[in-house]
Amino acid sequence: MEVDLKGSETTTPGRKSQSAVTGSARKVKDNAADWHNLILKWDRLNDEGSTMANKIVNLGFNKSSQKEMQVMMEGQDTSASSNSENAFENSRELEEECDKLLRVVDKMTRIVSKMEKLVSSEKGIIDLETFQYGTGGRQTPLFQTWPTSQFADVSSELYEAYKQELTLKRAILQELAHTTNPDLSMVYLSCWLYQPYTDDRAKLLLEGLLLETGHRPI
Amino acid sequence: MSKSVLFSVNQTLKKCFQSLENNQKVWNSVLSECKPLMVSLGNLEEQLRAFQKVQIANTPLHTFPDLHQRLHFKLIQAVDIVLGKLTDKMCSLQSVRDAISNQVSGAFQLYEQNIGSLDLATCTQRSPVAPSIADMLEWLQDAERYYRQQFLRRKNLLLTLRADDLSLLETAPKRWESLETPSGEESISESPLAAITDVSLSG
């Protein structure tokens, strides 16, 4: 399991303190690192996908403007063959970009399913604690102040946000290449890039989680 | 009239032009950093406009809850971030302007302090290799005024921008670009550069 906080300004302060953590706390801490890594990966994929989505929209516009050109040039058959060649080239490129975007969405799907596993793991920890300490749970918090249930709450809230975002991305993927309305294409691109369902609250939740589990220095 | 006074005035003017040259470089590099920000401002305006034209309820996205408000918020937030970055850049421009103003007023102060020993003939005397003190002071004043006005115009433009006023946002990149007056820049570049080489020759 990768617990290294790659790409973050503040990495885990030394392995010694980490290895001292065991049991549920170990698991919760690892999960927090996983959240961080998964979201980092998601953001990278989002940027990659954004470039592809832009290309798809531009290619789509080329296609429709070429159709118009062909209509305009009716009667002038001389250039028709090169035009259709162009259109063929265009469609091939469009298909390629759509395939690439599909692969990005597939990778995002895998990320979200990993997130789901994290949520069920947090729930498992709560069940374990109920078994160990009764319905009241443990008396002292695992780390600083959060009760164990809060880790599960944060996890499921983050998961819901990314799940919704993924659904939106799937819808964009389906519609993007078939939209002739340039304004709607633009809205799809904005939706892809700005991710309306992962808001500042999600960022705050993640930072809180990292702070509580000691990945970020207090 | 002592030669030493003339020498120190010339030295100060020389330094002034040298620092002006450096400040001009800083100014231009800050301006070039503003360009991509202005481009993103224009992009965001396009996105907001498209967003306003589209009724999400009539699109395949209609099943998504609160999408309209959420996307609107995100777009406005993005505009705010870009405007914030531009405001930071304005601070850099302001410090360049202040540096130039200080240098120039220092030069004028020195001139005024020694006005008794610098008569009109000395101040206006030119040679084939050096401009007169009067010329150089005038150029410095021109440069100082140019940066002062540029700063105010740019700052004024930014202050009028609002994330919810699309027509202002739409024209902002063009208006920002139109503030660049190549003739004004050139007139400053040419005279100080000439002056630096000339003064160094005569000094």
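Of note:
- Remark: mean inter-chain Cβ contacts per residue of A:187-199 equal 6, using a 10 Å Cβ-Cβ cutoff to other protein chain atoms.
- Interchain or long-range residues, amide H under 5 Å from A:Arg216's placed H: A:Leu211
- The modelled label-to-label distance for the pair B:Asp80/B:Ser167, using points 7 Å beyond Cα in the direction of Cβ, is 2.5 nm.
- Modelled label positions at B:Thr124 and A:Thr145, each set 7 Å beyond Cα in the direction of Cβ, lie 7.7 nm from each other.
- Given R0 = 35 Å, the distance between the Cβ atoms of B:Thr87 and B:Asn22 translates into a calculated FRET efficiency of 0.90.
- Test item: B:68-77 mean partner chain Cβ contacts at 10 Å: 4
- Positive-end residue of A:Ser121, A:Ala171, A:Thr198, charge dipole of the range A:88-218 with Cβ unit charges: A:Ser121
- Remark: the Cα gyration tensor places the range B:3-197 in the prolate category, a/c being 1.5 or greater and a/b exceeding b/c.
- Each Lys or Arg adds one and each Asp or Glu takes one away; over the other residues whose Cβ falls under 12 Å from the Cβ of A:Asn46, this sums to 0.
- Near B:Glu138: Cβ cut-off under 13 Å, other residues only, Lys/Arg at +1 and Asp/Glu at -1. The net charge is -1.
- Under-5 Å amide H pairs with B:Ala130, H placed in peptide plane, nonlocal only: none
- Kirkwood hydrodynamic radius of the protein assembly as shown, from the reciprocal of the average inverse Cα-Cα distance over all distinct pairs: 27.3 Å.
- The mean number of partner chain beta-carbon atoms within 10 angstrom of a residue's beta-carbon across peptide A:102-111 is 0.
- The range B:27-141, accessible surface, carbon-and-sulfur percent (1.4 angstrom probe): 52
- If you plug the beta carbon distance of B:Asp98 and A:Ser120 into 1/(1 + (r/R0)^6) with R0 = 51 Å, you get a FRET efficiency near 0.30.
- Value at 222 nm in deg cm²/dmol, rounded to 500, when DSSP H runs of n ≥ 4 in chain B each add -39,500 (n - 2.57): -29000 deg cm²/dmol
- Once the C-beta distance of A:Phe88 and A:Ser113 is scaled by a Förster radius of 45 Å, the resulting FRET efficiency is 0.75 to the nearest 0.05.
The values are calculated or read from the model by the stated rules, or taken from the named source; none is laboratory data. The structure presented is a predicted model; accordingly, all values stated were derived computationally and were not measured. Note that we place each Cβ from the backbone using ideal geometry, even for glycine, and neighbour counts take in every protein chain shown. Each accessible area value is taken on the protein alone, full model and side chains, heavy atoms only, with ligands, DNA and RNA left out. Shrake-Rupley method; radii C 1.70, N 1.55, O 1.52, S 1.80 Å.
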